[in-house]
1. Out of residues 5 or more away from residue 115 or on other chains, whose amide H comes under 5 Å of its own, with H placed 1.01 Å from N in the peptide plane?
2. Which GluC sites (Glu not before Pro) in region 70-154 pass both tests, a DSSP loop state and at most 12 other beta-carbon atoms within 10 Å?
3. Sort 145, 48, 16 so that the residue with the fewest other Cβ atoms within 10 Å of its own Cβ comes first and the one with the most comes last.
4. Roughly what % of DSSP beta bridges within the chain run antiparallel, to the nearest 5?
5. Take residue 32 and residue 144, extend 7 Å from each Cα along the Cα→Cβ direction, and tell me the distance between the two endpoints in nm.
6. Which ordering of 61, 33, 18 is given by a fewest-first count of other beta-carbon atoms within 10 Å?
7. Tell me, what ³J(HN,Hα) does each residue in region 19-26 have, in order and in whole Hz, if you take phi through Karplus 6.51 cos²θ - 1.76 cosθ + 1.60 with θ = phi - 60° and put x for Gly and Pro?
8. Can you pull out the chymotrypsin sites (Phe, Trp or Tyr not before Pro) in region 39-138 that DSSP calls coil and that have at most 12 other Cβ atoms within 10 Å?
Amino acid sequence: MATPARPAGVRPETTLAVRRGACRWLRQAGQSVLLEVPLPDGRRADILAVGRGGEIAIVEVKSSIEDFRVDTKWPDYLDWCDQLFFAVPVDFPQALIEGPVGLIVADAYGAERLREAPRRALAAARRKSLLVDCARLASERLARLDDPDFADFA
């Protein structure tokens, strides 16, 4: 069976390293993270971080210039978070990241925030809905670790 084609410029090993470092940085900052979180509009957040006060940040991970340039959907994430960041590898040309977003540079061992993301207040009803969805997703993922043979009979 043929392996599915990978989008141009995507470097899985770099993506994993950047994601890991960004998650470490977020956890050190007191945030809880979930990976690959489906959003109500059909998009999927690479990293969704929840702070102690319920604030929500989305981190979009980019492994290369090509990966960044083909992504035209990132502005849609602004509707689903208080802050939006890009996390990129150390060798990424940082001047490419413009707009109302923060910038994190990361490797497999950690990260550094180079630019703070502007804060926008997420609507209370949307925040509650997202937090409930995140809690259910995290709970389901933990339950499947304990019982991977469970079949959903809904």
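A short reminder: the numbers here are calculations on the coordinates, not readings from a lab. All values reported here derive from a predicted model rather than from experimental measurement. Note: ideal-geometry Cβ built from the backbone for every residue, glycine included; neighbour counts use all protein chains shown.
1. 103
2. The qualifying sites are 98, 116.
3. 145, 16, 48
4. 60 percent
5. For residue 32 paired with residue 144, the spin-label model returns 1.8 nm.
6. Exposure proxy ranking, most exposed first: 33, 61, 18.
7. With the stated coefficients, region 19-26 comes to 4, 4, x, 5, 5, 4, 5, 4 Hz.
8. Counting only loop positions with at most 12 other Cβ atoms within 10 Å, the chymotrypsin sites (Phe, Trp or Tyr not before Pro) in region 39-138 are 109.
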